[in-house]
1. Would you confirm whether any residue within segment A:67-83 is surrounded by fewer than 18 Cβ atoms within 10 Å (Cβ to Cβ), hydrophobic (A, V, I, L, M, F, W, C) and in contact with a strand residue (DSSP E or B) (Cβ under 8 Å, 6 or more places away or on another chain)?
2. For segment B:58-68, give me the residue count where each residue is at the interface with chain A (Cβ under 8 Å from one of its Cβ atoms) and either in a loop (DSSP other than H, G, I, E, B) or in contact with a Leu (Cβ under 7 Å, 6 or more places away or on another chain) (or both).
3. Return the residues of segment B:5-52 that are closer than 27 Å to A:Ser296 by Cβ and touching a Gly at 6+ places or on another chain (Cβ under 6 Å); say none if nothing qualifies.
4. Anything in segment A:133-166 that is of a type in the set (Ser, Thr, Tyr) and surrounded by 18 or more Cβ atoms within 10 Å (Cβ to Cβ)? List them, or say none.
5. Check segment B:294-313 and report whether any residue there is within 16 Å of B:Trp60 (Cβ to Cβ), more than 7 Å from chain A (Cβ to nearest Cβ), surrounded by 23 or more Cβ atoms within 10 Å (Cβ to Cβ) and out of contact with any Gly (no Cβ under 6 Å at 6 or more places or on another chain).
6. Only one residue in B:Phe100, B:Phe93 is out of contact with any Gly (no Cβ under 6 Å at 6 or more places or on another chain), part of a helix (DSSP H, G or I) and away from chain A (no Cβ under 14 Å). Which one?
7. Every residue in segment A:274-295 that is more than 8 Å from chain B (Cβ to nearest Cβ), outside any helix (DSSP H, G or I) and out of contact with any Gly (no Cβ under 8 Å at 6 or more places or on another chain), please.
8. Output the number of residues of segment B:358-392 satisfying the condition of being farther than 12 Å from B:Trp407 by Cβ and not acidic (Asp, Glu).
Amino acid sequence: MKFLSRKATCNSHGQDSSYFLGWQEYEKNAYDEITNPSGIIQMGLAENQLSFDLLESWMANNPDAAGFKRNGQSIFRELALFQDYHGLPEFKNALVQFMSQIRGNKVTFDPSKLVLTAGATSASETLIFCLANPGEAFLLPTPYYPGFDRDLKWRTEVEIVPIHCSSSNNFIVTKSALEDAYQRAHKRNLKVKGVVITNPSNPLGTTSTRQELDLLLDFVQDKNIHLISDEIYSGTHFNSSPNKFISVAQVLKDRNLDDNSELSKRVHILYSLSKDLGLPGFRVGALYSNDDTVVSAATKMSSFGLISSQTQYLLSCMLSDQKFTTHYIVENQKRLKNRYDIIVSGLRNAGIGVLPSDAGLFCYVDMRHLLSSNTFEAEMELWKKILYQVKLNISPGAACHCTEPGWFRVCFANMSEDTLSLALQRIKDFVDSTKRGDETRGASGSSRYSSRSVMSLTKKWVLRLSSNGHEPER
Amino acid sequence: MESFTLSKIATNNGHGEDSPYFDGWKAYDNDPFHLDENPNGVIQMGLAENQLCLDLIEDWITRNPSASICTPEGVDKFKETANFQDYHGLPEFRNAIANFMGKVRGSTVKFDPARVVMAGGATGAAETIAFCLANSGDAFLIPTPYYPAFDRDFGWRTGVQLLPVHCYSSNKFKITRAALEAAYQEAQDANINVKGVLITNPSNPLGRILDGETLCSLVSFINEKNIHLVCDEIYAATVFDKPNFVSISEVIESNNTLVQHCNKNLIHVLYSLSKDMGLPGFRVGIIYSYNDAVVSCARKMSSYGLVSTQTQHLIASMLSDNEFIDKFIKESSRRLSRRYEVFTNGLGEVGIGCLKSNGGLFFWMDLRQLLKEPTVEAEMALWRVVINEVKLNISPGSSFHCSEPGWFRVCFANMDDATMNVALERIQSFCIRRFEAEKPAKRNIIGGRTLG
């Protein structure tokens, strides 16, 4: 329709076709232990469903938070009317405290530098609106969260230039990869405004090393650009060694830089409670910056997506209960580690390796040896076999802009342990049958999915506007 | 140097917070009135909040603990609700919103839940619709006076311009076809691409509803020019007196020959619970479009401002309780009507008139006779006196882009009765003093009659 804007009619919302198809197929045939035991198991959804019981029991013990009450007095009216874009002070205080706890209390955050937004999606977009003009660019290490193609680019009209990372060094960002990306942007006449990393990484599940963070800081300082660190998975690091997750905030602090230094003002952190607490429905996002102008502009922009005061209040009570948060963080990490161990050993059993990782709600699985050829067409072919025959919805690396075919992101925290075991059994059976040279023909039949039809189907999905309501999964 | 590293949007004044509309707020923040603790403070009359019926809502919540996902009665829904981030929204939420919207319009029209799209409050809804309908540099026509923050909502990050359609008190600020055509022509002459018209009905700041004839005329205008009509109906349930509110939905679904051939793809409604229910903190913004492509695009964009599912769940329960809604809408109108009468009668007693209105959370006060001269400067001078000496934060008409100086928007639903009495007394004393200070010959003989 020419009556609408360009944004409305283009496809820059970037909703990836494979997610779309995977979701659709899952919804048509969703696994259920009792009613549909041979259905598709959802492993493409980076949700944390492991620790709801801890939240529910907290609520049972804290009825005031639910009942709009503070110290037994009703504050309903105050909350109903509260729309100050500075956010509920007790919530921001509790949130920065929680962020600090997650980082082993090695850094502290100032609530006046925190801006609340309706979810991480809003936080990312808002930050880009503050830092870049249309046509400017950000560098992102690959593979990266597919939703960034929408969140960072769509309405802002900003470009993403990938920093190519390779499995040969576990996808760690190198100086030459950074310089190469910067040059490629330059060749395209794109002004680079910054680098965006996700730490811990989605889809890799790895945490940035100190060397990487130092390298990134030196790079952005040298080029006079910004560094955005999306730390949405910071509370999901499960390695028992406390130093494993290093936030960029910590590295800045270790350089003895004060918050007013030029470099400190160029580093911005994104956060959310969608992954650590498993509350994506509540839309709790935040951005943190040492640059007053950014905080001021972002605060005003947050008017377009504030967090419901009802939710701010509930969570302010929960997160100020330090006894609870301490217990939650530890227990949640234990459960994630347990799941990670199960999936890694289950995959190993099937002769499938994973990228060693210590965070996130997923692992990055190496299925290159199962490809018919080292191509993305073969990756798509394998993905479809896994979807239709093995009945697992996992995420192909191409969707995350990975430069090497054959890697898949597999989520492990959004199902019961029994379901996970079943999924692992199915993978093992599939690999065994492939080894036997005898492709299992499921109800869908693999003959429908010849390479040619796969490619034409791919084209159709890419052109089609998504009608599916699901977020490209983080 | 610093500003080169940030965006233009971050460093320009597109947020509009440097306007006087916000200055008054600052005066209030520095010295807020409190009946006991600060009886000489500034009374906030610049904030269009509906505080009159929160008791009814609070009572409902207390009686319906399962509407909360955190109470023992409702916690079995906690996990699935907290986990749900589908941008279609909870089905029960969309159904309840569609139901409520219909009831607020006297059940004259039914709304389709599949067209209900969430947004981050009304603010998010306005910005999103602009992103869907227009490109940077395009324009929307908007009748004056209008809500100041539309400049930010529609234009800050989108690059869309708002061009005024001038309306005057001589015909009660009616939106005339001639004014629309003139504004459109002016844009054409300046090579500006007009994408649509934005109206607020009931009007902010006027508090008046648009009559059927004006609505038909608007529909016929946009249809002829093939441009969009965005109707912000955020104050729909605040109508407290006849004539009854007529929504754009009712108009386009009617059999009126003027609108029969209207292209429904051009019609979009913005809505929210912030005014009708007095729940601005809950950030419930809605876009309702008759255009499928807009519904689809706005829905994807709603990812940037979804309503918390905790709130969706609560609202879904509340707005499906038809007995409660019917009582609420009726009682809310009654309380608003009473407030309006107390103020306008009180002002009439001292010779101050208001534009006759029947909706909104404010009235449009006529202080033209108190201006030293009919200019914006004189209006601002008078306004500063009212803020600093009378200690009332009311909003000057110029901040609403009003074409005539001397009008002020006064909010009446955001305070208790005691405060209301103090505010009224202060305005009355001020006006009496001002009239006495002038020579009798200069005094305007309109007296206490309300206009229109």
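1. Yes, some residue in segment A:67-83 is surrounded by fewer than 18 Cβ atoms within 10 Å (Cβ to Cβ), hydrophobic (A, V, I, L, M, F, W, C) and in contact with a strand residue (DSSP E or B) (Cβ under 8 Å, 6 or more places away or on another chain).
2. The number of residues fulfilling the criteria is 1.
3. B:Gly24, B:Asp31, B:Pro32, B:Gly46 - these are the residues of segment B:5-52 that are closer than 27 Å to A:Ser296 by Cβ and touching a Gly at 6+ places or on another chain (Cβ under 6 Å).
4. If we filter segment A:133-166 for residues that are of a type in the set (Ser, Thr, Tyr), which is where we start, we get A:142, A:144-145, A:156, A:166.
Selection gives A:Thr142, A:Tyr144, A:Tyr145, A:Thr156.
5. yes
6. Details: B:Phe93 fails: away from chain A (no Cβ under 14 Å).
Answer to the check: B:Phe100.
7. Selection gives A:Ala286, A:Leu287, A:Tyr288, A:Ser289, A:Asn290.
8. 17
The values are calculated or read from the model by the stated rules, or taken from the named source; none is laboratory data. In this text the structure is predicted, and so the values were computed from the model without any measurement. Positions of Cβ are generated from backbone atoms using ideal geometry, with glycine treated the same way; all protein chains shown enter the neighbour counts.
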